[in-house]
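Worksheet for the structure shown next.
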Amino acid sequence: MATADSWASSEAVRHNMQANRSRDTGPEMAVRHLLFAHGLRYRVAYRPLPENRRMTVDIAFPGARVAVLIDGCFWHGCPDHYRLPRAHTEYWETKIAGNIARDQRTNQALEDSGWAVLRFWTHEQPDAIAVQVETEVRQSQRYLQSGQKGNISRNTNTCSKMSENRSMLETWELDPRDSRPI
(Lines give C-alpha, C1' and ligand atoms only; values in the text may rest on other atoms or scores of the structure.)
Protein backbone atom coordinates (compact mmCIF):
# COMPACT_ATOMS: atom_id res chain seq x y z
CA MET A 1 0.00 0.00 0.00
CA ALA A 2 1.17 3.54 -0.73
CA THR A 3 2.50 5.61 2.14
CA ALA A 4 0.43 8.45 3.60
CA ASP A 5 2.60 11.15 2.03
CA SER A 6 2.56 9.56 -1.44
CA TRP A 7 0.80 11.13 -4.40
CA ALA A 8 -0.72 7.72 -5.20
CA SER A 9 -3.83 6.54 -3.43
CA SER A 10 -2.71 2.91 -3.74
CA GLU A 11 0.17 0.80 -4.96
CA ALA A 12 -1.89 -0.16 -8.05
CA VAL A 13 -2.44 3.52 -8.92
CA ARG A 14 1.28 4.20 -8.47
CA HIS A 15 2.15 1.31 -10.79
CA ASN A 16 -0.31 2.47 -13.48
CA MET A 17 0.90 6.08 -13.38
CA GLN A 18 4.56 5.06 -13.54
CA ALA A 19 3.81 2.84 -16.55
CA ASN A 20 2.70 5.85 -18.63
CA ARG A 21 5.13 6.41 -21.47
CA SER A 22 6.77 9.76 -22.09
CA ARG A 23 7.53 8.94 -25.75
CA ASP A 24 6.38 6.53 -28.44
CA THR A 25 2.77 6.72 -27.28
CA GLY A 26 0.03 5.33 -29.51
CA PRO A 27 -1.19 8.73 -30.75
CA GLU A 28 2.38 9.91 -31.36
CA MET A 29 3.24 6.75 -33.30
CA ALA A 30 0.10 7.08 -35.44
CA VAL A 31 1.02 10.66 -36.39
CA ARG A 32 4.64 9.70 -37.07
CA HIS A 33 3.51 6.85 -39.32
CA LEU A 34 1.34 9.22 -41.38
CA LEU A 35 4.07 11.86 -41.63
CA PHE A 36 6.61 9.26 -42.76
CA ALA A 37 4.15 7.89 -45.33
CA HIS A 38 3.86 11.43 -46.75
CA GLY A 39 7.61 11.63 -47.22
CA LEU A 40 8.44 13.76 -44.20
CA ARG A 41 11.50 12.91 -42.12
CA TYR A 42 11.77 14.06 -38.54
CA ARG A 43 13.53 13.65 -35.21
CA VAL A 44 11.90 11.98 -32.21
CA ALA A 45 12.30 13.17 -28.60
CA TYR A 46 14.43 16.01 -29.93
CA ARG A 47 16.10 18.71 -27.81
CA PRO A 48 15.79 21.85 -29.94
CA LEU A 49 17.45 24.28 -27.54
CA PRO A 50 20.98 23.30 -26.46
CA GLU A 51 20.81 25.61 -23.45
CA ASN A 52 17.78 23.72 -22.11
CA ARG A 53 18.67 20.03 -22.16
CA ARG A 54 15.55 19.11 -20.22
CA MET A 55 13.17 20.35 -22.91
CA THR A 56 12.25 17.81 -25.55
CA VAL A 57 9.64 17.85 -28.30
CA ASP A 58 7.81 14.75 -29.48
CA ILE A 59 8.41 15.28 -33.20
CA ALA A 60 10.83 17.85 -34.59
CA PHE A 61 11.71 19.10 -38.04
CA PRO A 62 14.99 20.92 -37.30
CA GLY A 63 15.53 22.16 -40.87
CA ALA A 64 12.07 23.71 -41.01
CA ARG A 65 12.18 24.66 -37.30
CA VAL A 66 8.82 23.06 -36.54
CA ALA A 67 8.20 21.44 -33.14
CA VAL A 68 5.25 19.11 -32.61
CA LEU A 69 4.03 18.17 -29.15
CA ILE A 70 1.21 15.69 -28.53
CA ASP A 71 -0.08 16.20 -25.01
CA GLY A 72 -1.94 13.64 -22.91
CA CYS A 73 -5.29 14.85 -21.61
CA PHE A 74 -4.62 13.99 -17.97
CA TRP A 75 -1.03 15.17 -17.60
CA HIS A 76 -1.52 18.44 -19.49
CA GLY A 77 -5.02 19.42 -18.29
CA CYS A 78 -7.13 19.03 -21.44
CA PRO A 79 -10.16 21.35 -21.22
CA ASP A 80 -12.39 18.66 -22.73
CA HIS A 81 -11.26 15.57 -20.85
CA TYR A 82 -9.23 16.36 -17.74
CA ARG A 83 -10.86 15.20 -14.54
CA LEU A 84 -9.28 16.01 -11.20
CA PRO A 85 -8.65 12.81 -9.21
CA ARG A 86 -10.68 12.44 -6.02
CA ALA A 87 -7.67 11.36 -3.98
CA HIS A 88 -4.92 13.86 -3.19
CA THR A 89 -6.68 16.66 -5.07
CA GLU A 90 -4.39 19.39 -3.77
CA TYR A 91 -1.31 17.55 -5.05
CA TRP A 92 -2.85 16.97 -8.49
CA GLU A 93 -4.14 20.55 -8.84
CA THR A 94 -0.62 21.84 -8.18
CA LYS A 95 1.01 19.20 -10.40
CA ILE A 96 -1.23 19.78 -13.44
CA ALA A 97 -1.09 23.57 -13.05
CA GLY A 98 2.71 23.28 -13.01
CA ASN A 99 2.63 21.15 -16.17
CA ILE A 100 0.45 23.73 -17.94
CA ALA A 101 2.78 26.56 -16.88
CA ARG A 102 5.81 24.56 -18.10
CA ASP A 103 4.05 23.94 -21.44
CA GLN A 104 3.52 27.69 -21.84
CA ARG A 105 7.18 28.41 -20.98
CA THR A 106 8.25 25.77 -23.51
CA ASN A 107 6.09 27.33 -26.21
CA GLN A 108 7.51 30.77 -25.50
CA ALA A 109 11.13 29.61 -25.45
CA LEU A 110 10.73 27.76 -28.74
CA GLU A 111 8.91 30.64 -30.43
CA ASP A 112 11.54 33.10 -29.19
CA SER A 113 14.15 30.88 -30.87
CA GLY A 114 12.31 30.92 -34.20
CA TRP A 115 10.49 27.60 -33.96
CA ALA A 116 6.86 27.06 -34.93
CA VAL A 117 5.15 25.19 -32.10
CA LEU A 118 2.25 22.89 -32.92
CA ARG A 119 0.58 21.40 -29.85
CA PHE A 120 -2.14 18.77 -30.06
CA TRP A 121 -4.13 16.60 -27.66
CA THR A 122 -3.91 12.82 -27.75
CA HIS A 123 -7.66 12.62 -28.44
CA GLU A 124 -7.33 14.53 -31.73
CA GLN A 125 -7.44 12.52 -34.95
CA PRO A 126 -3.95 11.55 -36.16
CA ASP A 127 -4.79 12.27 -39.80
CA ALA A 128 -5.95 15.80 -38.96
CA ILE A 129 -2.79 16.39 -36.95
CA ALA A 130 -0.62 15.06 -39.77
CA VAL A 131 -2.26 17.41 -42.30
CA GLN A 132 -1.60 20.45 -40.10
CA VAL A 133 1.98 19.41 -39.43
CA GLU A 134 2.70 18.69 -43.09
CA THR A 135 1.25 22.06 -44.11
CA GLU A 136 3.44 23.90 -41.61
CA VAL A 137 6.58 21.97 -42.53
CA ARG A 138 6.10 22.42 -46.28
CA GLN A 139 5.39 26.15 -45.80
CA SER A 140 8.55 26.52 -43.71
CA GLN A 141 10.62 24.58 -46.24
CA ARG A 142 9.42 26.82 -49.10
CA TYR A 143 10.28 29.90 -47.06
CA LEU A 144 13.76 28.63 -46.23
CA GLN A 145 14.42 27.64 -49.84
CA SER A 146 13.43 31.12 -51.01
CA GLY A 147 16.56 32.49 -49.29
CA GLN A 148 14.77 35.27 -47.41
CA LYS A 149 16.27 36.53 -44.16
CA GLY A 150 14.54 36.72 -40.80
CA ASN A 151 11.91 34.60 -39.07
CA ILE A 152 8.94 33.26 -40.94
CA SER A 153 5.57 34.64 -39.93
CA ARG A 154 3.89 31.65 -38.35
CA ASN A 155 0.32 30.89 -37.45
CA THR A 156 0.43 29.22 -34.04
CA ASN A 157 -3.29 29.02 -33.37
CA THR A 158 -2.88 25.38 -32.40
CA CYS A 159 -0.57 26.48 -29.63
CA SER A 160 -2.69 29.41 -28.48
CA LYS A 161 -5.71 27.17 -27.90
CA MET A 162 -3.77 25.60 -25.07
CA SER A 163 -3.32 28.80 -23.11
CA GLU A 164 -6.81 30.14 -23.81
CA ASN A 165 -8.90 27.03 -23.23
CA ARG A 166 -7.23 24.99 -20.52
CA SER A 167 -9.64 24.61 -17.68
CA MET A 168 -9.13 22.01 -15.00
CA LEU A 169 -12.85 21.83 -14.20
CA GLU A 170 -13.97 19.85 -17.26
CA THR A 171 -14.87 16.19 -16.77
CA TRP A 172 -15.35 13.10 -18.89
CA GLU A 173 -16.07 9.46 -18.35
CA LEU A 174 -13.95 6.61 -19.64
CA ASP A 175 -15.07 3.30 -20.97
CA PRO A 176 -13.09 0.99 -18.64
CA ARG A 177 -12.52 -1.52 -21.47
CA ASP A 178 -10.54 0.77 -23.75
CA SER A 179 -9.94 4.14 -22.06
CA ARG A 180 -11.70 6.12 -24.78
CA PRO A 181 -14.30 8.80 -24.05
CA ILE A 182 -17.82 7.45 -23.84
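Structure values in brief
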quantity	calculated
Hits in the range 52-88 (condition: of a type in the set (A, V, I, L, M, F, W, C) and over 14 Å from the mean Cα position of the chain (by Cα))	61, 64, 84, 87
Identity of the residue in the range 122-152, over 25 Å from residue 39 (Cβ atoms) and at pLDDT below 90, that ends up surrounded by the fewest Cβ atoms within 10 Å (Cβ to Cβ)	149
Scope the range 38-56; condition buried (at least 16 other Cβ atoms within 10 Å of the Cβ) and touching a residue at least 60 places away in the same chain (Cβ under 8 Å); matching residues	40, 48, 49
Filter result (crowded, with 16+ Cβ neighbours inside 10 Å and farther than 30 Å from residue 61 by Cβ) within the range 89-121	92
Qualifying residue in the range 74-84 (condition: aliphatic (A, V, I, L, M) and touching a Ser or Thr at 6+ places or on another chain (Cβ under 7 Å))	no
Residue list for the range 108-143, filter: of a type in the set (Phe, Trp, Tyr) and not in a helix (DSSP H, G or I)	115, 120, 121
Scope the range 63-122; condition more than 30 Å from residue 142 (Cα to Cα), polar (S, T, N, Q) and in contact with a Gly (Cβ under 9 Å, 6 or more places away or on another chain); matching residues	99
Residue 105, sole failed condition from (1) more than 22 Å from residue 25 (Cα to Cα); (2) outside any loop (DSSP other than H, G, I, E, B); (3) in contact (Cβ under 8 Å) with a residue 60 or more places away in the chain	(3)
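The values are calculated or read from the model by the stated rules, or taken from the named source; none is laboratory data. These numbers were taken from a predicted model, which means no experiment stands behind them. Positions of Cβ are backbone-derived with ideal geometry, glycine not excepted, and every protein chain shown enters the neighbour counts.
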